[in-house]
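Below: one structure, written as structure tokens.
The values are calculated or read from the model by the stated rules, or taken from the named source; none is laboratory data. In this text the structure is predicted, and so the values were computed from the model without any measurement. Because the Cβ atoms are built from the backbone with ideal geometry, glycine has one as well, and the counts that use them run over all protein chains shown. Just so you know, the surface numbers come from the protein's heavy atoms only, side chains and all, with ligands and any DNA or RNA stripped out. Shrake-Rupley method; radii C 1.70, N 1.55, O 1.52, S 1.80 Å.
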Amino acid sequence: MNPGKKQLHVLLVEDNPGDARLIQELLRESNSTEFEITHAMRLSEAIKEISKRAANIILLDLKLPDGAGLSSVIQIQKAAPEVPLVVLTGLNDEEIAVRAVHQGAQDFLVKGHVDHNLLVRSINYALERHQLLARLNHRYKKEFELSQLKTRLVSMLSHEFNNSLNVIQGAMILLQETESKTTPEKKEYLYEMIKRNIQSLSNMSTNLLNMGRIESGKFAINPKKTEFGNILKESMDHLEIFSKNKGLDISLNFPETPVSVKADPEALALVVTNLLSNAIKYTPDHGKITIGIIPDSINSNQVEIYFQDTGIGIAAEDREKIFTGYYRTKNSKLTTMGFGVGLPLAKDILEAHGSILRVESAPGKGSRFFFTLPVWNDKDLENPFPSTTSRSSFEN
Ligand code: ADP
């Protein structure tokens, strides 16, 4: 083996010993590539070889005793779908060779009209084309999956909007039609229900709008002195309807003096609302949620902010996937409606702040989402804008 040369394993399927010898000699002339050739005289023999060892390329004669024309192309492709194929034909078989290329062969060569350069070039082109095709197929598959995901999302969304609007409408009709007979408690209950549904519609649309802005690169962050407690309070007020309804105990573990961080307040509010609303959604009734700020163990100019719950938890295999977008764990689907948009949004926003959203969790034992942010320093006034990730640094 020559270490300076490219190594390629060729499976040559050719029943004519003279033609096979010629091809082998032409391949041996190559200075740049060392061809290791396995020669099969029959289609059945070639298929056996494929099952034993993968080739980098297959050269297939279209007239074999046990397989002729397109049917041999189909059989070889079935046996080795990942291996590029060049077909070898006689002078009068060009039409069938073209059909073989339509069938998925990368190229064809007319026997008797092949020299060393043509053969090696055809093999190299076939390899390149095959790789390109594989990349395009991969991309197409990804795009297709994403478009299916988005179609599902739109249908789930319409369903969820419809549900909430129906609840709101039902409660309003009840309030209107039974105005005089309804007790104050019942009225309060119905108003709460309306508020809850309006709030969840508003959360959903805020997330989707911002996700769209991030995906199209139109999300700008503007870090400034931001008191974390204020952001959290606003978010807790919005979500109180949900936490009260479930009888959740929410406690804060904050330092005595208020902590100001260097962050974009609106963007940070989205992060906080998503993490808090998840903690509420995925914690069963009467569970406990703690939101805390502690000094970062590595960098004293930073604080760690965490959201801890006693909820359903997340299995190890799901812990990365939940940040990728539109992904929901099996358990969470049984618990409540959702779209898998909030966490990716929170993660992107924190990345734009130079931070990372992490999670520690165990199924049935609860979850702890946490991230760090720089503590505001008055010197920051001189340079209030840290570098942001390219995805979020566009102006609106
Ligand atoms: P959504 O909650 O709307 O589905 P998110 O992007 O906020 O979307 O969360 C993605 C998934 O991560 C959720 O569907 C759920 O499976 C999981 N998850 C998020 N937060 C929690 C949590 N606190 N406890 C358990 N699972 C969670």
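Observations, loosely collected:
- Region 301-349: number of residues that are surrounded by 21 or more Cβ atoms within 10 Å (Cβ to Cβ), in a helix (DSSP H, G or I) and more than 10 Å from the ligand (Cβ to nearest atom): 2
- Members of region 149-180 found to be of a type in the set (Lys, Arg) and either in contact with a helix residue (DSSP H, G or I) (Cβ under 7 Å, 6 or more places away or on another chain) or surrounded by 15 or more Cβ atoms within 10 Å (Cβ to Cβ) (or both), listed by number: none
- You will find that of Leu12, Leu22, the residue that is assigned to a helix (DSSP H, G or I) and closer than 19 Å to Phe108 by Cα is Leu22 and no other.
- Qualifying residue in region 36-43 (condition: in contact with a Phe, Trp or Tyr (Cβ under 6 Å, 6 or more places away or on another chain) and modelled with pLDDT of 95 or more): no
- When we screen Leu146, Leu118 for residues that are exposed (fewer than 14 other Cβ atoms within 10 Å of the Cβ) and under 33 Å from the mean Cα position of the chain (by Cα), the only hit is Leu146.
- Looking only at region 215-245, residues that are exposed (fewer than 15 other Cβ atoms within 10 Å of the Cβ) and assigned to a loop (DSSP other than H, G, I, E, B) come to 4 in all.
- Residue match in region 355-374 (condition: open to solvent by 70 Å² or more (accessible area, probe 1.4 Å), among the basic types (Lys, Arg) and either in contact with a Gly (Cβ under 8 Å, 6 or more places away or on another chain) or part of a strand (DSSP E or B) (or both)): yes
- Search result, residues across region 351-368 that are over 20 Å from the mean Cα position of the chain (by Cα) and either within 12 Å of the ligand (Cβ to nearest atom) or not assigned by TED's automatic domain parsing to the domain that holds Val272 (or both): Glu360, Ser361, Ala362, Pro363, Gly364, Lys365, Gly366, Ser367, Arg368
- Unmet requirement for Gly112, which otherwise passes all of (1) modelled with pLDDT under 90; (2) closer than 21 Å to Met337 by Cα: (2)
- Residues in region 203-220 that are at pLDDT 85 or above and away from the ligand (no atom under 13 Å from the Cβ): 1 in all.
- The residue of region 259-300 that is nearest to the ligand (Cβ to nearest atom), among those that are within 20 Å of Arg196 (Cβ to Cβ), in a loop (DSSP other than H, G, I, E, B) and touching a residue at least 40 places away in the same chain (Cβ under 8 Å), is Tyr282.
- Residue within region 212-224 that is over 25 Å from Leu146 (Cβ atoms), charged (D, E, K, R) and either more than 33 Å from the chain's Cα centre (by Cα) or not assigned by TED's automatic domain parsing to the domain that holds Gln308 (or both) present: no
- Among (1) open to solvent by less than 40 Å² (accessible area, probe 1.4 Å); (2) at pLDDT below 95; (3) within 16 Å of Gly342 (Cα to Cα) - the single one Val272 does not satisfy: (2)
- Inclusion of Thr257 among residues that are open to solvent by less than 50 Å² (accessible area, probe 1.4 Å) and of a type outside the set (Phe, Trp, Tyr) is not warranted.
- The residues listed here are Ser251, Ser205; of these, the one that is touching a strand residue (DSSP E or B) at 6+ places or on another chain (Cβ under 6 Å) and open to solvent by 20 Å² or more (accessible area, probe 1.4 Å) is Ser251.
- Test: residue in region 44-54 that is modelled with pLDDT under 95, open to solvent by 70 Å² or more (accessible area, probe 1.4 Å) and of a type in the set (A, V, I, L, M, F, W, C): yes
To keep it simple, each residue is scored yes or no on (1) in a helix (DSSP H, G or I); (2) within 25 Å of Ser44 (Cα to Cα).
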{"residue": "Pro81", "(1), (2)": "no, yes"}
{"residue": "Glu94", "(1), (2)": "yes, yes"}
{"residue": "Leu118", "(1), (2)": "yes, no"}
{"residue": "Leu127", "(1), (2)": "yes, yes"}
{"residue": "Leu132", "(1), (2)": "yes, no"}
{"residue": "Phe144", "(1), (2)": "yes, no"}
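Residues checked against (1) assigned to a helix (DSSP H, G or I); (2) of a type outside the set (Ser, Thr, Tyr):
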{"site": "Leu60", "(1), (2)": "no, yes"}
{"site": "Ser71", "(1), (2)": "yes, no"}
{"site": "Ile76", "(1), (2)": "yes, yes"}
{"site": "Val86", "(1), (2)": "no, yes"}
{"site": "Ala97", "(1), (2)": "yes, yes"}
